[in-house]
Structure formats: C-alpha cells, structure tokens
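Student: Sharing a structure here in structure tokens format.
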Amino acid sequence: MTDSKRDNLFANPLGKVSGFVFDQAVVDVFPDMISRSVPGYETILSHTGELAYRYVQPQTNCYDLGCSLGASTLAISQRVADRDAKIIAVDNSSAMLEKCASILAASNTSAEIQLINGDICDIEISNASLVVMNFTLQFVPLAQRPQLLEKIYQGLNPGGCLIISEKLSFEPESLNTLLSELHHDFKRAQGYSDLEISQKRDSIENVLVPETLETHIQRLRACGFQSASPWFQCFNFCSLVAIK
Ligand SMILES: C[S@@+](CC[C@H](N)C(=O)[O-])C[C@H]1O[C@@H](n2cnc3c(N)ncnc32)[C@H](O)[C@@H]1O
C-alpha cells in the first residue's frame, strides 16, 4: 500500500516495555508491522473491498473506524468510487491520520473521503450502508463496546453491512494457547525473533483486549443484526460480517 520501514521496534532488549501506542514510531513501520503480524491481513483488506462492492449504496455513507493509514478506505474506494457514496475514515491518532491524509492524496482515488480525527465512540454514524472496523474494536475499552455496536446498528440503513476484524480469545485455555502459539510461529516465519514476539506481547497486553467469537456474535445479535458470522479465520484472527 505504501513504502514502509521494516518493523524493528521490539528488536533490542527494552529495560521496561511500555504499553503499546499508535505514535509516530509505529506509524513509520505500520504497513510492515501489520502485514507481518496479522495472518490473512491482505485477504481481509481485499475482501473488505469485495463486500463494499456488494453492499455500498448510492448517496450513503461508508465508515472506516480506526482507519490507521487508510488501507481499508483505499480497498473500499477502489471498488465503489463510481457509487456516489462518501467514505468517512476515523482515527484518534494524529500521527496516523496525518500520514493517512498524505497517502490518500498520493493515491489515484476519485472517491469522496472525509477524515475525522476523533474517538470512534464519540462520532455520529448515520445513513450508513457499510461500517468497517478492521482490528480496531479490540482497542476500545470493554465497557464501551456494547454502546458502540448499538450506535453502529442504529446508524446503518436496513440491509447495511458491518465488517469487524479482530484478534480472538478462545476457551478452554488450552485452545487459546494452541492458537496463540500458531500465531507466534507465523510471526517467526515472517522474520520476527523470539525477543520481538515476547516484548510486543508484553507491550500490547491490556491494550488489545480480545474477546471470544461467541461474545462477538451474541453482542451483534443483541443489537438486532439479522445475521452475523465469521467469513474468514486464520489461527486467532477472524473477520466477521453482520447484516442489519
Ligand atoms: C490495528 S489499527 C487498525 C488497522 C486498520 N483498520 C487497517 O486495516 O489497516 C487500530 C487503529 O485504531 C485506532 N484506534 C484505536 N482506538 C480508537 C478509538 N477509540 N477511536 C478512534 N481510533 C481508534 C488506532 O489509532 C489505530 O490506528
């Protein structure tokens, strides 16, 4: 999607590992970090575009919540540029949004795109035919998640589509351990060292709080979505689609 420096943020021993934040250092390596850390990331991105093609309606809004550098926004825009729909991309990291703006400006997209620097829990959602949260809900405090999903449901038009991609937790703990070890094997195969894997895990623990697939589905059902299902899973990473 864009030139990215190699992610070596956790390559050297850090005396004290700080909690993960989406700051300039992360922005500089983000495309490399996410593609070597999330199995299936490219598949999820390209199918975000395919789902957009199916669900985005003329004169409606599409939301990319937690847009980072705009990868999902670009995937959507490439498939619906001629639909007369507006894409609203939201992130609360100024560093991310600034770089996102320059990436979008350099792209050849003709779609109408509005960037909002704000908390996805505070923004208004209305007249939506598509809402995408690719690897963002997991960073929202647990207590705010039901209210956020309810707001998204209310802002979607009937027949509208919600895509949620997340890291999952599993029960029993033995299954959780197996899937997280398979994920760490994937990261090793992508060139991350054991030190990088363990320091990143310490940094992101308590910042990224995964939930079970059952919790996601039950919450979507409780909001009123007529259907909700995973459409992709690799190890402990999953993408769900829910239709209002
Ligand atoms: C893992 S990244 C998302 C990746 C991106 N969706 C993609 O597909 O490339 C998570 C993003 O969510 C943003 N974020 C986390 N919590 C947020 C919140 N409450 N409001 C807005 N953005 C948030 C972070 O700043 C970060 O850029």
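Student: Take the Cα of Ser4, step 7 Å along the line toward its Cβ, and report every residue of the range 59-96 whose backbone nitrogen sits under 15 Å from that point.
Tutor: Within reach of a label on Ser4, which here means backbone N under 15 Å from a point 7 Å along Cα→Cβ, the range 59-96 contributes 67-75, 96.
Student: Mind pulling the angle between the C-alpha long axis of helix 24-37 and the longest principal axis of the chain? Nearest 10 degrees, somewhere in 0 to 90.
Tutor: Its long axis makes an angle of about 90 degrees.
Student: Just in the range 1-103: which chymotrypsin sites (Phe, Trp or Tyr not before Pro) are loop by DSSP and have at most 14 other Cβ atoms within 10 Å?
Tutor: Nothing satisfies the criteria.
Student: Continuing with the same structure: For the chain, with a Gaussian network of springs between Cα atoms less than 10 Å apart, report the residue from Val80, Val56, Val29 with the top mean-square fluctuation.
Tutor: Looking only at Val80, Val56, Val29, the biggest GNM fluctuation is shown by Val29.
Student: To continue, here is another question. Hey, rough spin-label estimate for Ala222 and Leu208, points 7 angstrom out along Cα→Cβ, what's it come to in nanometres?
Tutor: For the pair Ala222/Leu208, the computed spacing is 2.5 nm.
Student: While we're here: Among the trypsin sites (Lys or Arg not before Pro) within the range 1-102, which fall in a DSSP loop and have no more than 14 other Cβ atoms within 10 Å of their own Cβ?
Tutor: Those that pass, being in a loop and sparsely packed, are Lys5, Arg6, Lys16.
Student: Go through 187-193, 71-77, 151-157 and give me the packing order, highest mean Cβ count within 10 Å leading.
Tutor: Packing order, densest peptide first, comes out as 71-77, 151-157, 187-193.
Student: Oh, and also: Once both axes come from the Cα atoms, what is the angle between helix 71-80 and the longest principal axis of the chain, in degrees from 0 to 90, rounded to 10?
Tutor: Tilt relative to the chain: about 30 degrees.
Student: With each pseudo-label sitting 7 Å past Cα toward Cβ, what's the Gln190-Leu178 distance in nm, one decimal?
Tutor: 2.3 nm
Student: So what are the three principal axis dimensions of the range 129-186 from its Cα atoms, in whole Å, longest to shortest?
Tutor: Answer, in whole Å and largest first: 40, 24, 18 Å.
Student: So how far, in whole Å, is the C-alpha centre of the range 105-132 from the one of the range 200-222?
Tutor: Measuring centre to centre over Cα atoms gives 24 Å.
Student: With springs connecting C-alpha atoms under 10 Å apart, model the chain as a Gaussian network and identify which of Asp202, Asp91, Asp122 has the largest mean-square fluctuation.
Tutor: Asp122
Student: Can you bin the chain into rounded, prolate or oblate? Criterion: square roots of the alpha carbon gyration tensor eigenvalues sorted a ≥ b ≥ c, rounded for a/c under 1.5, prolate for a/b above b/c, oblate for the rest.
Tutor: Since a/c reaches 1.5 but b/c is at least a/b, the shape of the chain is classed as oblate.
Student: If each of Glu150 and Asp119 carries a label point 7 Å out from its Cα toward its Cβ, how far apart are those two points in nm?
Tutor: Each label point is offset 7 Å from its Cα along the Cβ direction, giving 1.7 nm.
Student: Also, quick follow-up: In degrees from 0 to 90, rounded to the nearest 10, what is the angle of the helix 213-223 Cα long axis to the longest principal axis of the chain?
Tutor: The helix 213-223 is inclined about 30 degrees to the chain.
Student: Quick one: length gained pulling Glu98 to Ser46 fully straight, 0.36 nm per residue minus the C-alpha distance?
Tutor: Value of the extension gain: 16.4 nm.
Student: Ile243 to Asn108: extension gain in nm, 0.36 nm per residue of separation minus the Cα-Cα distance?
Tutor: Length gained, Ile243 through Asn108: 45.6 nm.
Student: Which residues does a label at Lys86 reach in the range 101-123, if reach means a backbone N under 11 Å from a point 7 Å past the Cα toward the Cβ?
Tutor: Residues passing the 11 Å test: 112-115.
Bear in mind these aren't lab numbers, they're just calculated from the coordinates by the rules spelled out. Note that the coordinates shown come from a computational prediction; the quantities given were computed from them, not determined experimentally. Positions of Cβ are generated from backbone atoms using ideal geometry, with glycine treated the same way; all protein chains shown enter the neighbour counts.
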